[in-house]
Each structure stands twice: as structure tokens, then as C-alpha cells.
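Okay, structure first, notes after.
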Amino acid sequence: MAKTARTFRIRRYDPAEDAAPSYREYVIDVPEGMTVLEALIRIQAEQDGTLAFRYACRGAVCGSCAMAIDGVVRLACRTQVRGLEGETVTVDPLPNLEVVKDLVVDMDSFFEKDFAVEPWLQPAEPAPERERPVSPDDWTEAEPYTNCILCASCHGVCPVAARDPEYLGPAALAKHYRFLADARDGAGEKRLKLVDSEAGVWGCDVVWSCSKICPKGVRPTKGILATRERVKP
Amino acid sequence: MPEITRHDVLVIGGGLAGLRAAVAIHDAGHDVAVLSKVYPIRSHSGAAQGGVNASLGNHPEGHDDSWEKHAFDTIKGSDYLADQPRAEILAQDAPARVIEMEHWGAYFSRFPDGRIAQRPFGGAGFPRTCYAADRTGHQLLHTLWEQCIKRGITFLNEWFITRFVTSGGRVVGAVAMHVPSGELAAFGADATVLAGGGYGRVFAKTTNAYINTGSATAAAYIAGARLEDAEFVQFHPTTLFGTNILISEGVRGEGGHLANAEGNRFMDRYAPSVMELAPRDIVARAIQTEIDEGRGFEGGYVHLDIRHLGADVIMSRLPGIRQIAMDFAGVDPIETPIPVQPGQHYSMGGLSCDEDGATDVPGLLACGECSCVSVHGSNRLGGNSLLETLVFGKRAGDRAAGLVGGGSASDGALSAALEDARRSIAALKSRGGRERQDAVRREMQSVMTEKVGLFREERPLAGAVDAIAGLKERHRNVSLANTGEPFNYDLIDTLELGGMLELAHVTAAGALARTESRGSHWRTDHPARNDDDWLKHTMATHVEGGEPAIGYEDVIITSYEPMERKY
Ligand SMILES: Cc1cc2nc3c(=O)[nH]c(=O)nc-3n(C[C@H](O)[C@H](O)[C@H](O)COP(=O)(O)OP(=O)(O)OC[C@H]3O[C@@H](n4cnc5c(N)ncnc54)[C@H](O)[C@@H]3O)c2cc1C
Ligand code: FES
């Protein structure tokens, strides 16, 4: 199997030790099929055990590994190194969240925003003995939003999140719409109040960057616009 | 984090089993903390695709389904190694657990009449697998996590457990390391529930996540809990060549063909009547035979071809699979066959426990894939393991709640264990030498895949047991390249490897001892099931510094006499 060497230029930063972030370079052989995540694991195992990044599934389902690869936010495990152009691959942490170390960012603040939209079903009626029926037509509206894996890619490319730390952000607002549009939910009015603000649906610039970047095809902007329609008297 | 923290119950593992247990404990009015080495939603439960079984009878062809039929299918599928009253509990509790998930918000697919959709699955007499498109695990995991958030349950995220704390023969908590900081702390509890998941990474080729190492399971084994039936390992026939990401059975269900490098549809030689739709173990062995006999492609794979289905069918029914093939193998199945090979998929064995999760060690409960209740016996049916996490997660949680107030440890036991853990990590960090954990790990993985895989035989198995013992020795000499504190994966990987070697040892030793073929365990030198000698569970006890001590226990047989497993 043909192998080619590639240089990885990785942003390193340990807030406890370093005054400022800096780039460090590693050269590794990249066999056919190697993903950026595999490359990082190899670098960590063979060249620099201090390199920090998160991963779990390696199959683009768990949402652990969003980062900026050659300036584009993507899941490292889903990105083929050989699919990237150029001799050097530059890897930066996901933007708009505080760096904990190297490629690891603070997810707690991101999850807090998710929790703020009360992401659990709040039906108006007590539970029946069997399932609550949902017609396939009603089912369709919320379904795409249930596919969010909370990888925060959208948050990393959102211009509003970049300038306003109070903004709930595309992931939380998409999750909000997932429950608002759920035919079984009965908390519509209360839910709308949670996001009827500049930190909520009115903060969005409607530039669709989140919707373009989502690895799972979720379109937060669409949900935000639909929520705005409902908030309007 | 203070050095010692206490909760009524400590749950280790934030996958489906752990979260379901936590909800039960909270709802019983107790204080529970969920400790997990990754954020709960990153757990491997989220990767499950196909669905979860319950005899709801929603399918037009499923009206006559019942929990009794579900129980029978499970027992037959287990090749009669399941403990029958427990398989009955699994089937009996299933509808309530699945409906409850729906009430909590899980977004199941629906039939036109609005009820939860169900699909047929291998080994089941009726279509009883409830699903949410091909993302069932994701839907269930996020829903349960949200239910925990709603309840205000405490989460200890990115804490990695290194050992259990015992006092007077009882588990009274655990010592864990905070991954981001490297800090060690002890957590005391009246009861500890372990839901640490599977350990597919003991093998080289597995559908499991990188994090599925079983290190917490090994820690429980070292603390005195016995491991049951570890030799029963399910291999999935079609995993993507390269990454071994799962290519679901649904692809063959839709009409996919398997072809070897000579272009032949070889299943006609193994299962001429059902071809590609033969049971998982038969298809897996067929593919492996083709590869072993030189009719595979270079590197060891065959083709799963769906080109004849046409672009429309592929795009509408198998979009997720197409995406996986394009992202991870660089092939578009509309134009090119998918390269596939068998891979480890599921561990039927685990920590021996009863129907309420109680292990051999007082104070320690287990549930989910890390446990062995046993409901899957020697072969798990698709859709039964997500179900297991919900049914037995709840039951273990209820039992743990009942143990609250039954006495927890003194600070002394906890701080002594913490000190001991600190000392051993300091010793590891200061150890010299050239042995590296990843080299030892790779060797273990290839030994397990080559010698304890789909085809097993006395000599290679004996070789594997010896090789693992040798690797354990080498592991004792591993030194670290990184001796720092934050995110020290070199340290964590080294600690995990110690646990993985314990599990590998038990798996290989159990497989060597079991001179019969049953379910997933296929001995080429003993190709028949032998109920006279082997209708029994393997029980392994940890022996410090030595071979696992292997014993046996009877299978609990109540309603169904063992028959030949024919489909
Ligand atoms: C690709 C794939 C598809 C599948 N599809 C299906 C399906 O369609 N239907 C079905 O029924 N089953 C399916 N299964 C099986 C099923 O998904 C699993 O058996 C089940 O989800 C396991 O859940 P769990 O809660 O026991 O473990 P997991 O979800 O794996 O969770 C384990 C938890 O333990 C934690 N942990 C482990 N070790 C430590 C430690 N040392 N310290 C701290 N925390 C630790 C982890 O962080 C994690 O939170 C599939 C499996 C795979 C691999
Ligand atoms: S490792 Fe799970 S999404 Fe990349």
C-alpha cells in the first residue's frame, strides 16, 4: 500500500503552563483510509503523549471530536487525511469555546445552554397506558432535529456565538425547536418564553453557517425561523 | 473535588444501563451520582442502529406476538445457555420499558396508525424490534440523559475509575481519576452500580468504540466479582474493511449480495436456501472461510454488493450505510461494492449477577453489556441488548435503592484505597524501561482476533492463553512516555490495558476449556453442541498474579427443554 508523509501542524495550549498557544509540527505516514482522528491517535501514541483531544466512537455518532481542520470545522473521525489538499494539515480546537488543553474545549458551558431550553418532553396530559400516537405527518417536522449529536460544530461556526457569550446558540435553539415541534409536547407557550429574547431566537444573524456545517444534516436556522413565526403575536 | 465524596449510590457508566439505573435510584428518593470517563452521551450505546425488542404487537404481522414468544426466541437464540427465568423477565418487562422511553420523549419511528414502528430482526418469530430510523441508540441515550438532567442527577463527567474500594468483603465505593486534571479522588456509597459497557477493543477488529475497553469490568473482577461465560463473543459478519464500523444486517435484508475476489456469490455453498440471510454466525464463518482459503481480497475482505438495487433504493432505504461507506471507505455503493469482513461486535459474557444486578460481592451491582444475567447465553439476538440495558438497568437501580442505609465505609477504607492508588500511579510514572503500552495492546488484539476469533481450536487457543500470560508480564514493565497530569492518555491507556489483559485471559481460557460448539463459540475440533457435558456457565475468579480459576454452574432451565437450534 502506498504511503505518503504528511505534516500535521497542531495548535498546542495548556493554560496552566503556557503564556500563549503555539503550533507544533509532527510528520507521519498517512496510509490510504486514515482519518484525522487516527492520525492524532498515532501522533499521541508515537510522538507526543501530551497531545490532548477527545474521541470515543470513531464513527461520527458520538459527537466528541469536532475541531477545525484546515480552518474548516469538522469531525476528525469522519475526515480522510488524503481528502485534504496541501502538504500540511493544520488542526485547531473548535472555536467559540474556551480551550481546556490543546484540542479540548470546555463543553460544560455548551451543555448548560442546552439545559436552559428544558430539553425534555413536557406533555399536557398524564401518560396513557400505551405510547402516545403520532401520525407520520406530525412526526416529520421534529425528526431532523432529533439527530443532533451535540458535537458543537454549529456553535463553533456561529458568528453570534463568537461575539455574544450569552447567546444560546444554534444547537440549543435547534433542540428547543425539536421539543416545540414535537406533537406530544404541551409546553408551547412556556417554551416560547424561554427563547423570546436576544439571547434566544432573535439573536440569530440568519447566515445559515450552522446549517451548512452540521455533520448530521440538522438545520438550526430553519428551526429558529420557525420558532420566530410562533413567537410573533 | 474534595478527596472523599459520598453519595447514597454511585453509578459507574453513563450509557443506557447506567442512566436507567440512575433514574430508578433518583425516583426512589435517593442521592445518586453517575461517574463516567466520557460525557454520557458519548457512550457507545449511542451507536446502536437497528432497534430494541418488545412484543408490542404493533406490526400488522405481529398481532399474535407475546412476551412468552419473545422469551422463547431469546432462549432458543441463546442455544439454551440463557437462564430461563431471567430471559422471561427480559421479555416480560420489555413493553413497559419501551413505552416508558416513548413517554419520556424518545423519538421512535411510527406506523401509519401512529403507533411505534417495529421491524423484523434475525432469530425472532415476529417483527418486534422497535426502532428510530437507524439511530435507535442515539435516540434512547439522549432521551435518558435529558431525563437525568431534568431530575438534577449529579454527573461526574470525565472521571475514570481505577479501582473499587472494598471493606469487610463489601464494595463501598471507588477510586477515580479526573481525566482533565489527573486528580485522584475516592467516592463512597452504600451501593455501587457498574454499567461499564462492552470490551470489544480486546480484539483487533471490532465494531465497538475506542473507549470500549472493559477496564471497569476488569476492576470489578479484580475486586472479587466472578466473570461468567466470557468465551461467548459475537462476531458480526459485515463490518467495514479498515475501521470495522458496523454495516447493518439491513443491507443484506434489502437484497445485498456477498461476493469473493473471484466474483462468486459464495453463500450458495454455505446456505443455499437462505443465502445472505442466514443467521449472523453462519454468514460470518462463511466470509472468514473465503478469506482464509485465499478467495478474499488483499488485506482480507469480501464484497457486499448492492449496485443491483439501483440508486433510488440505496438513497431512500440505506442512506446511512451509503454515507458510512463513502466517509470511511471512500466508496459509493451505488457504483462500487462495499469491502466487508467479520468483526467482534458484542460480549455475551460479563460480571455474573442475578436478575436484580447483584454480583458475588455485596454492595456491587452490575447491568448492561458488562454484566451477565444471563439472558443472551451463547448468542445474543439483535435488539435484545438495548432492551437489556433498560430492563436490568432499572432493576439494578431499584435493588441499589433498597441497599441505601445498609452501611457505608468509614473514611479510613476510602482514604487508604486512595493513598494506595496514588502510590501505584506514582510508581508507574517513575518506572523506567522501553516497553510501550500500545505495542503490548496491538499484540493482545491480534492474538485475540487470530486465535480466539470465529474459528477456535485447541492448539491456537492454548497458544493464546500463554501469549496473554506473557503479555501480562510485559505489561508489568510498561513505562510511560508522558508522566504529566492533564489528559494523560498514555497513563489511562496503560491502566486500561491491564484490565483488558485480564478479560482477554478469561475469554481465551474459557474458550480453551469449553470443548464443544455452541452459539458464537465455534470449535473446529469439537463442532457439535454437547449438552451432557457443557450445558453450564463458565465462572472465572481472579487469582492475583496467576491463571484465572475456572469453575462451572448449572444453567437455570425451567420452561423450555433444550432442542437443536435450527432456523
Ligand atoms: C455498532 C453497534 C450497534 C449496535 N446495535 C444494536 C441494536 O441495534 N440493538 C441492540 O439491542 N443492541 C445493539 N448493540 C449493542 C448495544 O448497543 C450495547 O450492548 C449497549 O448499548 C451497551 O450499553 P451499556 O450501557 O451497557 O454500555 P455503554 O453504552 O458502552 O456505556 C458504558 C459506560 O461506561 C463508562 N465506563 C467504562 N469504563 C469506565 C471507567 N473505567 N471509568 C469510568 N467510566 C467508564 C463509559 O464512559 C460509558 O459511559 C450495538 C452495538 C454496536 C457496537
Ligand atoms: S469520535 Fe465520535 S464523532 Fe468522532
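The values are calculated or read from the model by the stated rules, or taken from the named source; none is laboratory data. Every value quoted in this text rests on a predicted model; they were computed, and no experiment measured them. Here Cβ is always computed from backbone atoms with ideal geometry, including for glycine, and neighbour counts include all displayed protein chains. To get the accessible areas, we keep the full protein, side chains included, count just its heavy atoms, and leave off ligands, DNA and RNA. Shrake-Rupley method; radii C 1.70, N 1.55, O 1.52, S 1.80 Å.
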Checklist entry - So how many residues does region A:38-68 have that are more than 7 Å from chain B (Cβ to nearest Cβ), open to solvent by 10 Å² or more (accessible area, probe 1.4 Å), more than 14 Å from ligand 2 (Cβ to nearest atom) and in a loop (DSSP other than H, G, I, E, B)? => result 2
Checklist entry - Within region B:320-347, how many residues turn out to be in contact with a strand residue (DSSP E or B) (Cβ under 8 Å, 6 or more places away or on another chain) and within 25 Å of B:Asp292 (Cβ to Cβ)? => result 15
Checklist entry - Does B:Arg115 fit the bill of being open to solvent by 10 Å² or more (accessible area, probe 1.4 Å), under 19 Å from the mean Cα position of the chain (by Cα) and facing chain A (nearest Cβ under 10 Å)? => result no
Next on the checklist: Given the criteria more than 10 Å from chain A (Cβ to nearest Cβ), touching a residue at least 60 places away in the same chain (Cβ under 8 Å), more than 15 Å from ligand 1 (Cβ to nearest atom) and buried (at least 21 other Cβ atoms within 10 Å of the Cβ), does B:Ile75 qualify?
Outcome noted: yes
Checklist outcome for this item: Taking region A:69-79 and keeping residues more than 10 Å from ligand 2 (Cβ to nearest atom), touching a strand residue (DSSP E or B) at 6+ places or on another chain (Cβ under 6 Å) and either open to solvent by 20 Å² or more (accessible area, probe 1.4 Å) or assigned to a loop (DSSP other than H, G, I, E, B) (or both) leaves A:Asp70
Next on the checklist: Suppose the filter is open to solvent by 20 Å² or more (accessible area, probe 1.4 Å), in contact (Cβ under 8 Å) with a residue 60 or more places away in the chain, of a type in the set (A, V, I, L, M) and assigned to a helix (DSSP H, G or I); does B:Ile89 pass it?
Outcome noted: yes
Checklist entry - Among (1) away from ligand 1 (no atom under 16 Å from the Cβ); (2) facing chain B (nearest Cβ under 9 Å); (3) β-branched (Val, Ile, Thr), which single condition is A:Val99 missing? => result (2)
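For (1) surrounded by 15 or more Cβ atoms within 10 Å (Cβ to Cβ); (2) touching a Leu at 6+ places or on another chain (Cβ under 6 Å); (3) modelled with pLDDT of 95 or more; (4) not hydrophobic (A, V, I, L, M, F, W, C), each residue gets a yes or a no:
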position	(1), (2), (3), (4)
B:Asp493	yes, no, yes, yes
B:Ala511	yes, yes, yes, no
B:His521	yes, no, yes, yes
B:His526	yes, no, yes, yes
B:Thr538	yes, no, yes, yes
B:Ile550	yes, no, yes, no
B:Tyr560	yes, no, no, yes
B:Glu564	no, no, no, yes
Next on the checklist: Taking the conditions exactly as written (assigned to a loop (DSSP other than H, G, I, E, B), at pLDDT 95 or above and either open to solvent by 10 Å² or more (accessible area, probe 1.4 Å) or small (Gly, Ala, Ser) (or both)), does B:Gly62 satisfy them or not?
Outcome noted: no
Item to check | Residue in region A:129-151 that is farthest from the other protein chains (Cβ to nearest Cβ), counting only those that are in contact (Cβ under 8 Å) with a residue 40 or more places away in the chain and among the polar types (S, T, N, Q) | outcome: A:Asn147
Next on the checklist: Any residue that is not basic (Lys, Arg) and not in a loop (DSSP other than H, G, I, E, B) - is there at least one of those in region B:477-486?
Outcome noted: no
Checklist outcome for this item: Just one listed residue, out of B:Ile245, B:Ile211, is surrounded by 21 or more Cβ atoms within 10 Å (Cβ to Cβ), touching a residue at least 40 places away in the same chain (Cβ under 8 Å), more than 25 Å from B:Phe297 (Cα to Cα) and within 16 Å of the chain's Cα centre (by Cα), and it is B:Ile211
Checklist entry - Wholly within region B:296-409, which helices (runs of 4 or more DSSP H) include no fewer than the required count, namely at least 2 residues that are within 16 Å of ligand 1 (Cβ to nearest atom)? => result B:319-329, B:384-403
Checklist entry - Going by the conditions given, is B:Arg441 over 21 Å from B:Met177 (Cα atoms), open to solvent by 20 Å² or more (accessible area, probe 1.4 Å) and within 14 Å of chain A (Cβ to nearest Cβ)? => result yes
Checklist entry - So which residues in region A:200-212 are among the hydrophobic types (A, V, I, L, M, F, W, C) and crowded, with 18+ Cβ neighbours inside 10 Å? => result A:Val201, A:Cys204, A:Cys210
Item to check | Filter result (small (Gly, Ala, Ser) and part of a loop (DSSP other than H, G, I, E, B)) within region B:188-244 | outcome: B:Ala195, B:Gly196, B:Gly197, B:Gly198, B:Ala204, B:Ala209, B:Gly214, B:Ala223, B:Gly224, B:Ala225, B:Ala230, B:Gly242
Next on the checklist: I need the full set of residues from region B:25-52 which are surrounded by fewer than 22 Cβ atoms within 10 Å (Cβ to Cβ) and among the aliphatic types (A, V, I, L, M), in order please.
Outcome noted: B:Ala28, B:Ala33
